[in-house]
1. So what's the net charge close to D49: Lys and Arg +1, Asp and Glu -1, counting the other residues with Cβ under 15 Å from its Cβ?
2. With +1 on each Lys and Arg Cβ and -1 on each Asp and Glu Cβ, how big is the dipole of region 45-112 about its Cα centre, in debye rounded to the nearest 20?
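None of the figures in this text is laboratory data; all of them are computed from the coordinates on show. This is a predicted model, so every value here is computed, not measured. Virtual Cβ from ideal backbone geometry, glycine too; neighbours counted across all protein chains shown.
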Amino acid sequence: MLIAPILLLLLVAIADFGRVFAAGVAVEAATRNAAEIAAEEYLRNPPGDPSTPAVQRLDNPAPTSGPSSYYDDLALKAARTVCVELRSLQNTTYDSSDGTCPSWPIIRVCVHDQSSNNANNHCGQPIAGFDPSPPAECTTLPPPGDPSWDPNMNGGGNGPGGEPSRYVEVRVCYPFTTILSLPIVPNRIVFQNTRIFTIACFRDPSSGTGNNGSC
C-alpha cells in the first residue's frame, strides 16, 4: 500500500513531462510557421506602391515613409498563426471570432528590411487583439524602442551577393502549468521562442528579372 502513492506520483510525473515536451514542440513549430507565413506574404506583396509589380518593389529598398499599416498587417498575420496553432493548449486565450489571443500567448514581430531604423516599421510593437504588456517573465519581449527591435537587415543571413537579406523575426512567450507542484518541478514553465525566416532573394533565369539578391 505504501508503494501505490509513489507509483501514482511517478505516473503523473511522466505524464506531466510528456505534456511539457509536447507544448514546447508546439510553441516552437508555431513560432517558425508564423515567421514563414509572414515572410512569404512579404515576398508575395512587398511594401511600396501597389501599382508597381512585386518584383520591382523587391528590387528597391523598402520605403522608409508611408503607412505603417503594412507592417501591422504582417505582424497580425503572424500572430494569428501562432494563436490558432496553440489554441488547444491550456492557458491559450483563443478568440475564434477574430483569430486573436487577448492574453496568452504574447507575440511580437519584427520585419528586418531597413537600412536604418525608422518609424514606418512597427518593429516589436504590440499587435492589435493581443496583450500589449508582456509580464516580467517574458524576458525576450522588451518594449518597443529597445535596441533588440532594430529593423535593420544586418544579422538575418546573406543573399546571393553576400549582402544582408531581409527577414522576419517572430518572438513568442507562453506559460505552461504543470499538474504537479514540486520543488524539482516548477508549477509554471514559461516557453520563449524566437524564430527567423529569411525573405527569399531570387532572379528568374528565364526572364532575367528579379531582385537578384538586392533585398
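1. Net charge in that neighbourhood comes out at 0.
2. Result for region 45-112 is approximately 160 debye, rounded to the nearest 20.
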